[in-house]
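Undergrad: Below is the structure I would like to discuss, written out as structure tokens.
The values are calculated or read from the model by the stated rules, or taken from the named source; none is laboratory data. Predicted, not measured: the structure shown is a model, and the values here were computed from it. Glycine also receives a Cβ, built like all others from the backbone with ideal geometry; neighbour counts cover every protein chain displayed. Keep in mind that these areas ignore ligands, DNA and RNA; they rest on the heavy atoms of the full protein, side chains included. Shrake-Rupley method; radii C 1.70, N 1.55, O 1.52, S 1.80 Å.
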Amino acid sequence: MPHLLDKVPAAIADRLRTRFGRQFSRFALVAVASLAASELALSIAYLAGATSGLSGLIGWLTGAAVSYVLSRWAWRRKGKPNLIKETLPFWAISIGTAAVLSTTTHFAGHFAKTHHLTQVDALLVVESAFLVANFVTFMTRFLIFHYVLFADRGAKTSGQVDAESLELAVTSVPAATDPAEPPPVQ
């Protein structure tokens with residue numbers, strides 16, 4: 001990956017080299033794999049005659065299973081997962097995601113039906129709505145996974161403040177000042 005980072009602007013490359021950036025990159029790969037699996041399952045279920053809401057639920061379940069396995073890889077978790085600290089919270093978050101995705105696909109299917117769209121056009125509307133809802137839930141899930149569920153608790157024991165932040169780094173250049181004026185307080 002160093003060759004790829006050499007081709008992006010330095011500010012972005014520096015961000016991607018932080019723990020947050022590495023985890024975000026890994027989770028983005030997980031999200032793409034999960035999205036592909038869920039969109040495929042959604043399409044098959046919808047074309048097989050399932051309702052749009054049920055198709056969204058089937059798509060979510062398929063994507064959540066893929067996401068669970070790959071999320072452990074993304075956060076470098078090995079061995080047996082802790083039921084209370086990892087597994088149950090992951091599935092609780094996923095159930096919230098399921099509610100958003102199945103509700104979104106239900107309304108998209110209702111829109112397609114009331115507008116008398118063909119099955120292919122209706123499928124495109126339902127899949128598009130599912131895709132947009134996935135993008136909306138992606139960041140929320142990442143932040144919860146990164147800062148709560150899979151947080152690196154070992155690094156916090158030293159009492160040092162983690163320099164990593166969601167804010168962009170801002171640099172300032174001191175203005176030319178009159179030598180008689182005292183320096184600004186920072």
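Undergrad: For LYS113 and ALA36, FRET efficiency with R0 = 25 Å and r from the beta-carbon atoms, rounded to 0.05?
TA: 0.40
Undergrad: Got a sec? What order do LYS113, LYS80 fall in by accessible area at 1.4 Å, biggest, i.e. largest, first?
TA: Final ranking, largest accessible area leading: LYS80, LYS113.
Undergrad: Measure off 7 Å from each Cα along the Cα-to-Cβ vector at TRP91 and ALA11, then give the distance between these two points in nanometres to one decimal.
TA: About 4.4 nm separates the two model spin labels.
Undergrad: In square angstrom, rounded to the nearest 10, how much accessible surface does ILE95 have for a 1.4 Å probe?
TA: Probe radius 1.4 Å; accessible area of ILE95 about 110 Å².
Undergrad: What is the gain in length, in nm to one decimal, between ARG22 and VAL132 on full extension, counting 0.36 nm per residue of separation less the C-alpha to C-alpha distance?
TA: 37.2 nm
Undergrad: How much length is gained if the chain between ALA65 and ARG77 is pulled fully straight, taking 0.36 nm per residue apart and subtracting their Cα-Cα distance, in nm to one decimal?
TA: Result for the pair: 2.7 nm of gain on full extension.
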